[in-house]
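For reference, the structure discussed in these notes is given below.
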Amino acid sequence: MEKIFQLNWEEMFIPSLSLFEVFIRGTITFWIIYICLRLFRRGTGQLSISDLLLITMISDAAQNAMAGTYNSITEGAILIGTLVFWDYAIDWMGYKRILFGKLARPEPILLIRNGRMLKANMETQLMDEEELNGLLRENGVDDYREVKTCYLESTGNISVVLKEKK
């Protein structure tokens, strides 16, 4: 009965792997996932069910690559700190325009100009008319022909400027 409530403090806090190895594993895995998501996924203002599923599956698949078989809280904390560090570092570098500002914060993409949908730009973002019209309605616009400009921003949201009424 005593064995059940006995804690193994050594296993909980003394790393079984090199903390540098945990940092390197976390860094490499973070960058692989970041580049894949940045290149192959369009940013969205809201997460859809498929986005949540993708993130969940990536986290499960990446867990072993990042951590190997660690057992201690210390290794887990270093791994979490590594991921948070790179997330902050990318935001900071994008803000300062260091190294890859365009990758961290891409230019807005023009979707509508003077009431005309720009199909080529929409196609590069895998966005059809129905989806764009839905986003416009969320912004209080019933008819895309009333729009002077509409951009897909780096955040995944759209910004809309209406034509001036005469």
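Kindly evaluate N64 against the criterion of being modelled with pLDDT under 70, exposed (fewer than 13 other Cβ atoms within 10 Å of the Cβ) and over 21 Å from R38 (Cβ atoms).
The answer is yes for N64.
This table checks each residue for (1) modelled with pLDDT of 75 or more; (2) hydrophobic (A, V, I, L, M, F, W, C); (3) in contact with a His (Cβ under 7 Å, 6 or more places away or on another chain); (4) not in a loop (DSSP other than H, G, I, E, B).
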{"residue": "K3", "(1), (2), (3), (4)": "no, no, no, yes"}
{"residue": "S16", "(1), (2), (3), (4)": "yes, no, no, no"}
{"residue": "V22", "(1), (2), (3), (4)": "yes, yes, no, yes"}
{"residue": "R25", "(1), (2), (3), (4)": "yes, no, no, yes"}
{"residue": "T29", "(1), (2), (3), (4)": "yes, no, no, yes"}
{"residue": "R38", "(1), (2), (3), (4)": "no, no, no, yes"}
{"residue": "T44", "(1), (2), (3), (4)": "no, no, no, no"}
{"residue": "L53", "(1), (2), (3), (4)": "no, yes, no, yes"}
{"residue": "I58", "(1), (2), (3), (4)": "no, yes, no, yes"}
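Is it true that some residue in the stretch 155-163 is exposed (fewer than 12 other Cβ atoms within 10 Å of the Cβ) and over 22 Å from the mean Cα position of the chain (by Cα)?
Yes, the conditions are met somewhere in the stretch 155-163.
Can you give me the number of residues within the stretch 119-153 that are surrounded by 15 or more Cβ atoms within 10 Å (Cβ to Cβ) and not polar (S, T, N, Q)?
Counting residues in the stretch 119-153 that are surrounded by 15 or more Cβ atoms within 10 Å (Cβ to Cβ) and not polar (S, T, N, Q) gives 12.
Can you tell me which residue within the stretch 117-160, out of those that are of a type in the set (D, E, K, R) and touching a residue at least 12 places away in the same chain (Cβ under 8 Å), is nearest to L37 (Cα to Cα)?
E153
The values are calculated or read from the model by the stated rules, or taken from the named source; none is laboratory data. Bear in mind that the values here come from a model prediction, so they are computed numbers and not experimental data. Glycine also receives a Cβ, built like all others from the backbone with ideal geometry; neighbour counts cover every protein chain displayed.
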